[in-house]
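*Asks:* A single structure is presented below for examination.
The numbers here are math on the coordinates, done by the rules we state, and not lab data. Every value quoted in this text rests on a predicted model; they were computed, and no experiment measured them. Reconstructed Cβ throughout: ideal geometry from the backbone, glycine too, with neighbour counts over all protein chains shown.
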Amino acid sequence: MPNHSLHTNTDPPRYTRRPFPPYRYLPFQAGGALPHPHPRTDPGGHSFNADEDYLPHFTPDDWPDCEPYLYGIDLFNHGYWWEAHDALEAVWLAAGARETRCGIFVQGLIQLAVAQLKRVIDSPGGAQSLTVAACEKLAGAEEFYLGIEVAPLMAEAQRCLREDCGEFPRIVLHFPDPEPGGQ
């Protein structure tokens, strides 16, 4: 299995205060033995019987104040890729899934999270195909979308996959400037 460090010299900023799960779930380990139970289906899992986030709707204007979206980005940036995919799924459904530009973009973020998970569990073909699919979905967005500068994220994801040197893409959010004279 490749040596993939989950941290670099500086950890990315946090966008929420929600605590991280006690472990990162890594499915499909060699020999079938999992170091940790499945988060949702195993009674010992960190999210077993936990309420899932529910959003009645999600639009591109909602992202700066959407805790499930921001938490999904936190999870992604700190190497909780299975958990990021799980958290972002509620956002994806609320955004219209495959029916809206926003839903397709969030699906791209989910695929990018799973691509990183595939890299860690040494599934290069899966990582490659998911990175390509993710970038295709992300590429349809404007220069900045849901707080993300899209082209640099795609370039970093492709570089990390190509070089496979233990680095992972990070999602940097750019929050809108407050209204002049606002609080």
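*Asks:* Which of the GluC sites (Glu not before Pro) found in the range 82-183 are loop residues per DSSP with 16 or fewer other Cβ atoms within 10 Å of their Cβ?
*Replies:* Numbers: sites: E83, E89, E99, E136, E142, E143, E149, E156, E163, E167; in loops: E142, E143, E167.
Within the range 82-183, the qualifying GluC sites (Glu not before Pro) (loop, at most 16 other Cβ atoms within 10 Å) are E142, E143, E167.
*Asks:* As I understand it, the dipole of the range 65-163 uses +1 on the Cβ of Lys and Arg and -1 on the Cβ of Asp and Glu, about the Cα centre. Which of Y80, T131, A95 lies farthest toward its positive end?
*Replies:* The one lying farthest along the dipole's positive direction is T131.
*Asks:* List every residue whose amide H lies under 5 Å from the amide H of Y145, counting only residues 5 or more places away in sequence or on a different chain, with H placed 1.01 Å from N in the peptide plane.
*Replies:* Correct list: V150.
*Asks:* Another question, then. Placing unit charges on C-beta atoms (Lys and Arg positive, Asp and Glu negative, everything else neutral), compute the dipole magnitude of the chain about its Cα centre in debye, rounded to 20.
*Replies:* Details: 13 positive and 25 negative charges, 124 e Å.
The dipole magnitude comes to about 600 debye.
*Asks:* With a sphere of radius 14 Å drawn around the Cβ of E156, what net charge do the other residues whose Cβ falls strictly inside it have (Lys, Arg +1; Asp, Glu -1)?
*Replies:* Result for the local shell: 0.
*Asks:* Another question, then. Tilt of helix 101-120 relative to the longest C-alpha principal axis of the chain, in degrees (0 to 90, nearest 10)?
*Replies:* Approximately 30 degrees, to the nearest ten.
*Asks:* What's the longest uninterrupted piece of the chain once you rule out the trypsin sites (Lys or Arg not before Pro) that are loop residues per DSSP with at most 15 other Cβ within 10 Å? Before the final figure, lay out each step's value.
*Replies:* Working: sites that count: R14, R17, R40.
Segment 41-183 is the longest.
*Asks:* How far apart, in nm, are two points set 7 Å out from the Cα along the Cα-to-Cβ line at E99 and at E143?
*Replies:* 3.2
*Asks:* Can you give me the angle between helix 124-138 and the longest principal axis of the chain, using Cα atoms only, in degrees from 0 to 90, rounded to the nearest 10?
*Replies:* Taking the Cα atoms of the chain, the angle to 124-138 is about 10 degrees.
*Asks:* What translational diffusion coefficient, to the nearest whole µm²/s, does the range 65-163 have by Stokes-Einstein, given a Kirkwood radius computed over alpha-carbon pairs, a temperature of 4 °C and 1.567 mPa s viscosity? All intermediate terms of the calculation are to be shown ahead of the outcome.
*Replies:* On the way: Rh = 13.2 Å.
Roughly 98 µm²/s, to the nearest whole number.
*Asks:* Okay, next question. Helix 150-163 sits at what angle to the longest principal axis of the chain, using alpha carbons and giving 0 to 90 degrees rounded to 10?
*Replies:* Tilt relative to the chain: about 20 degrees.
*Asks:* So what's the chain giving for Cα Rg divided by 2.2 N^0.38 Å, two decimals? Don't skip to the end; give the middle numbers.
*Replies:* Numbers: Rg = 16.3 Å, N = 183, 2.2 N^0.38 = 15.9 Å.
Rounded to two decimals, the normalised Rg is 1.02.
*Asks:* May I pose another question? Of P56, I110, Y25, whose Cα points farthest to the positive end of the dipole of the chain (charges on the beta-carbon: +1 Lys, Arg; -1 Asp, Glu; origin at the Cα centre)?
*Replies:* With unit charges placed on the Cβ atoms, the residue in question is Y25.
*Asks:* Ok, one more. Across the chain, where is the longest run that never hits chymotrypsin sites (Phe, Trp or Tyr not before Pro) in a DSSP loop with at most 12 other C-beta atoms within 10 Å? Intermediate results must be reported in sequence, preceding the final value.
*Replies:* Working: sites that count: F28, Y54.
After excluding every exposed loop site, the longest remaining stretch is 55-183.
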